[in-house]
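To keep things clear, I will list the structure first and then write my remarks on it.
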Amino acid sequence: MKLFRPLWALLGCMALALVMWILKPIPNGHLYWRAVLLAFGLAVAWLIYVASPKKVLFRKGVLIPILLCGIGFGVKNLATIKPNVELVPHYQDVFNTLDSGKNPYTVGTIFHYTDDYKPVFGNFNYPPLEMYPYYLAYRIAGTWNIRVFTVTILLLHVLAGLLFVLMFPRVRFGFLLPFLPMIVFGEVKTGVAMTLLITALILWQIKMDRRKPGGIHRYAIAVLFGLGLMTKFLLIPLMAAYYWHKFDTRRLRSLLEIAADVSIAVLTAVLIMAPYGVANVLKNTILFNVVLKDRAAQTIFFPNVLSGLMTWIGLETLYSVAAVAILAVAVLVAPRLSLFSAMLTAAYVFLLVAPTPELQFIPVIVLIIAAARFMTIEEKEPIVPRVWKPVPAVSPSRPS
């Protein structure tokens with residue numbers, strides 16, 4: 001089966017990451033095991049995606065381990081939260097900058113950790129939409145600490161989980177429940193919550209658009225992708241694969257439709273960046289992350305599969321070119337795949353060629369995979385209905 005072939009590539013990535021973990025060939029590299037765990041997690045998630053729902057996926061022997069894995073991650077994450085996590089002082093500096101009327105993308109006083117966890121100061125290096133929910137929580141709570149940060153993340157995750165459940169009114173809750181702990185508690189230490197929430201909204205609109213193509217859902221998807229571009233970077237490959245999947249060589253007008261939708265998304269993103277300067281935001285987000293040397297000046301280097309390999313062999317200056325080229329190939333094959341296979345392929349490649357192993361995105365991948373499976377099955381035939389409707393009893397015939 002063709003969908004099982006990517007497993008060999010994922011196992012190869014895991015083997016390479018394991019070799020780097022053993023040899024530790026990069027002087028400024030830290031926590032090599034993250035790349036191993038990322039490749040392993042992606043491989044397991046892909047198996048869930050390609051598994052036959054009726055024969056494999058929707059069995060207790062599979063759903064219960066998924067549930068227990070999510071609970072285990074949640075317990076571990078909540079039990080190991082540290083009050084001195086980088087994002088707490090990082091966002092505090094961002095809030096102080098906003099309150100003083102300055103630009104966090106140019107101020108140069110935002111807290112970061114560099115090698116050996118030494119503090120260094122620079123600019124805010126996340127897209128603008130990442131700061132707003134935490135700034136709102138800071139204003140409501142009147143203070144900022146690890147508790148406010150964690151509660152805000154969990155609230156956003158709960159909203160994403162609620163959207164996931166409401167997305168499938170015809171599916172029995174028992175099938176949805178095993179995926180919820182990973183979605184809600186899979187990552188509570190980093191600011192991936194907005195990416196998760198926007199992804200859930202996009203999946204909801206995709207489901208509505210597949211049911212009734214065209215109309216308002218098409219434009220809602222474009223606007224949501226534009227908002228997603230202003231969260232963590234996983235939405236970039238997802239958006240690229242989604243729209244390129246629509247390209248039809250037999251219908252060149254599809255290019256105009258793609259261009260129109262992408263223009264709406266880009267315009268949405270530009271409007272969000274405008275108050276801070278579009279060039280300032282791009283310089284401190286996308287460009288900051290693709291140049292390993294510049295990135296290492298303000299962040300800790302956790303070697304990923306591609307970035308670790310190229311740094312190991314002395315070609316780190318070519319990393320950005322190689323990463324973009326590999327990701328472009330993954331997006332270009334989108335029209336040959338189903339929609340969700342295309343989006344997941346682009347997301348997987350993005351995570352493997354990213355500068356560092358972004359384990360924080362595993363819950364987002366789980367959300368996409370779960371929604372894709374339920375969406376596809378629900379379109380073919382309803383699973384077990386959520387509400388049980390008793391069959392009317394047949395009155396026994398009277399004896400003659």
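The numbers here are math on the coordinates, done by the rules we state, and not lab data. All values derive from a computational prediction rather than experimental measurement. Every residue, glycine among them, receives a Cβ derived from its backbone with ideal geometry; neighbour counts consider all protein chains shown.
Here the sum of -39500 (n - 2.57) over DSSP H runs of 4 or more residues, divided by the residues of the chain, equals -19500 deg cm²/dmol at 222 nm, to the nearest 500.
Our coupling estimate for the range 221-227, obtained by passing each phi through the Karplus curve with A = 6.51, B = -1.76, C = 1.60 and θ = phi - 60°, is 4, 4, 5, 5, 5, x, 5 Hz, Gly and Pro reported as x.
By its C-alpha gyration tensor, with a ≥ b ≥ c as the square roots of the eigenvalues, how is the range 2-380 shaped: rounded for a/c under 1.5, else prolate for a/b larger than b/c, else oblate? Judged from the Cα gyration tensor, the range 2-380 comes out rounded (a/c under 1.5). Taking Cα centre as origin and charging only the Cβ of basic (Lys, Arg, +1) and acidic (Asp, Glu, -1) residues, the dipole magnitude of the range 226-385 rounds to 220 debye.
Between ALA325 and LEU252, what length in nm is gained on full extension when 0.36 nm per residue of separation is reduced by their alpha carbon distance?
Numbers: separation 73, 0.36 × 73 = 26.28 nm, distance 2.47 nm.
Stretched out fully, the ALA325 to LEU252 stretch lengthens by 23.8 nm.
By other beta-carbon atoms within 10 Å, ranking LEU256, LEU352, LEU16 with the fewest at the front produces LEU256, LEU16, LEU352. When the Cα positions of LEU267, VAL333, THR80 are compared along the charge dipole of the chain, VAL333 comes out farthest toward the positive end, with charges on each C-beta of Lys, Arg, Asp and Glu. The mean sequence separation of alpha-carbon pairs under 8 Å and at least six residues apart, normalised by the residue count of the chain, gives a relative contact order of 23 percent.
Would you mind classifying the range 318-383 by shape? Square roots of the alpha carbon gyration tensor eigenvalues, ordered a ≥ b ≥ c; an a/c under 1.5 is rounded, otherwise it is prolate if a/b is larger than b/c and oblate if not.
Since a/c reaches 1.5 but b/c is at least a/b, the shape of the range 318-383 is classed as oblate.
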